[in-house]
Amino acid sequence: MAIRRKMVATLLIADDEKNILSGLRLAFEDEGYTVITASDGNEAWAKLQKSIVDLVITDLRMPGMDGYELLRRISASYPTLPVIVLTGHGTIETAVETMRDGAVDFFTKPVDIDKLLLVVRKSITASDLREQNRKLSEELARLRKENVSAKIIGRSEKVMQMMRLIEQVADTRATVLITGESGTGKELVADALVALSSRSDKPFVKVHAAALSPSLLEDELFGHEKGAFTGAVSAKKGRFELADGGTIFLDEIGEIDAATQVKLLRVLQEREFERVGGEKPVSVDVRVICATNRNLEEEVRKGAFREDLYYRLNVVHIEVPPLRERKEDIDLLVTSFLETFNKEDKRKIEGFTPAARKALLSYSWPGNIRELKNAIESAVVLSRGKYIDRDDLPQQVRDSGSGARIAFDLPITLDEAEKRLILETISYAKGNKTRAAELLGIGRKTITRKMHDLEIGDEEGD
């Protein structure tokens, strides 16, 4: 048997009492489900092998194979398939045993059909969420194997174009300028360029220019001779010397001062420099990769960045797209982050609810992947359920995924509130009662019955 997500869910109901079997079949068909029936466990098991089923409802006491054995077989062979157990002889011990064997819920006959419908709906939703999360995990694993860098996650066209460019220029000596907004993952691009180059086993030195003052940056990059300044008690190699034969990554290159720009230009042109306080040229073989979130062309026009240096740095230009332009990658990114934080925080969260995914996709992510990662870490820590819901997300994210709101003036009766909710939902669905029923999580016939009971005018609508 295969399990798949479908627009119409299929239920398998097993019970040896014909009237109960018939009643349940009619009740669920009225709610839009496809129903397969079986009169005992053997027949149910046989039909399960041949059909695509989303949920099983089984009686416990049946001739031949009983419900206990059917439940154990399903749990062993199809562990993600939800099973609900019915019995006419319910005890606490029986309920505990069936839940231990894998049942999602336990009902005593006569069954409260409304409660059973609710449990079925929730169980299928949870099953769909598990299946969706499983497929995303499989796709993530496949992309990690296929992509040129396992750390760059994405299937969007912009990301795939970027990956192809990385692969094309990685094993060259060409200087690369990586641009993009803060938090987009520019350093991951630099990592990929090095990993795919013939210098991957050589030194890879990273310098974050914005974190250092001009004097410290020059000393950090080029080193100094003994006695070059107070406290220089011995000679020191700079980052360029340490990277000799390999690669240097200059992050936030737009922050460097004019004097350091001159020395950097010389390194790029002549592959040599002098240490601070030194006179002897030091020759190096270093591939230079730079990154910035600034518009260097604009900085050149303002006179804040040397034009000749800009052209030396911009031999190959790789633009990292902002997250708002690659939202089709969000599902994979949050799946990856969830795996990471589940492991780090020893949690077992299985995925995200539809409401949470809607909020994640609706938000503009000005902080890009860094902000997304922080939001998922926060949600993993704060979530109390198996799935991260919209309310577990940071305030600014969950507000982006909220839909239309209904305000009630208290006091109000339950019937009045339900009537208002149904009317507003039908209006939101533009008069489509089938769509309104889906939004409310009930069947078309249920919303029609409630409209009749609440004396709501049955206007024309699909």
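Looking across the range 295-326 at every residue that is without any contact (Cβ under 8 Å) to a residue 60 or more places away in the chain and crowded, with 16+ Cβ neighbours inside 10 Å, the one that is farthest from the chain's Cα centre (by Cα) is identified as Arg306.
A quick yes/no check of all residues on (1) over 20 Å from Lys206 (Cα atoms); (2) not in a helix (DSSP H, G or I):
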{"residue": "Glu218", "(1), (2)": "no, no"}
{"residue": "Ala232", "(1), (2)": "yes, yes"}
{"residue": "Gly245", "(1), (2)": "no, yes"}
{"residue": "Phe249", "(1), (2)": "no, yes"}
{"residue": "Thr260", "(1), (2)": "no, no"}
{"residue": "Val267", "(1), (2)": "no, no"}
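So, in the range 295-318, exactly how many residues are part of a strand (DSSP E or B) and touching a Lys or Arg at 6+ places or on another chain (Cβ under 9 Å)? Total satisfying the criteria: 1. Among the residues of the range 104-127, is any crowded, with 18+ Cβ neighbours inside 10 Å, part of a loop (DSSP other than H, G, I, E, B) and outside the structural domain of Trp45 (by TED's automatic domain parsing)? Scanning the range 104-127, I find no residue that is crowded, with 18+ Cβ neighbours inside 10 Å, part of a loop (DSSP other than H, G, I, E, B) and outside the structural domain of Trp45 (by TED's automatic domain parsing), so the answer is no. Looking across Glu350, Glu274, Glu325, Glu344, one residue alone is over 30 Å from Thr125 (Cα atoms) and either among the acidic types (Asp, Glu) or assigned by TED's automatic domain parsing to the domain that holds Ala211 (or both). It is Glu274.
Within the range 202-254, the set of residues being crowded, with 18+ Cβ neighbours inside 10 Å, among the β-branched types (Val, Ile, Thr) and either at pLDDT below 85 or under 19 Å from Arg312 (Cα atoms) (or both) comprises Val207, Thr247, Ile248, Ile253. Put simply, of Asp30, Asp66, Asp59 the only residue that is charged (D, E, K, R) and surrounded by 22 or more Cβ atoms within 10 Å (Cβ to Cβ) is Asp59. When each of Asn374, Asn368 is tested for being out of contact with any strand residue (DSSP E or B) (no Cβ under 9 Å at 6 or more places or on another chain), free of Cβ contacts under 8 Å to residues at least 24 places away in the same chain and more than 26 Å from Lys122 (Cβ to Cβ), the lone residue that passes is Asn374.
Out of curiosity, is Leu86 in a helix (DSSP H, G or I) and surrounded by 19 or more Cβ atoms within 10 Å (Cβ to Cβ)? Lay out the reasoning, then the answer.
On the way: in a helix (DSSP H, G or I): no; surrounded by 19 or more Cβ atoms within 10 Å (Cβ to Cβ): yes.
When the stated conditions are applied, Leu86 does not pass them.
Looking at the structure I just gave you, is Ala195 surrounded by fewer than 17 Cβ atoms within 10 Å (Cβ to Cβ) and not acidic (Asp, Glu)? Give the steps one after another, and end with the answer.
Numbers: surrounded by fewer than 17 Cβ atoms within 10 Å (Cβ to Cβ): yes; not acidic (Asp, Glu): yes.
So Ala195 fits the description; yes.
Can you say whether Ala417 is at pLDDT below 85, touching a Phe, Trp or Tyr at 6+ places or on another chain (Cβ under 7 Å), of a type outside the set (S, T, N, Q) and in a loop (DSSP other than H, G, I, E, B), as far as the supplied structure shows? Step through it out loud before you land on a result.
Values: at pLDDT below 85: yes; touching a Phe, Trp or Tyr at 6+ places or on another chain (Cβ under 7 Å): yes; of a type outside the set (S, T, N, Q): yes; in a loop (DSSP other than H, G, I, E, B): no.
Against the criterion (at pLDDT below 85, touching a Phe, Trp or Tyr at 6+ places or on another chain (Cβ under 7 Å), of a type outside the set (S, T, N, Q) and in a loop (DSSP other than H, G, I, E, B)), Ala417 does not qualify.
Of all the residues in the range 281-294, those that are crowded, with 17+ Cβ neighbours inside 10 Å, in a strand (DSSP E or B) and not charged (D, E, K, R) number 6.
The values are calculated or read from the model by the stated rules, or taken from the named source; none is laboratory data. Given the structure is predicted, the values throughout are model-derived calculations rather than measurements. Positions of Cβ are backbone-derived with ideal geometry, glycine not excepted, and every protein chain shown enters the neighbour counts.
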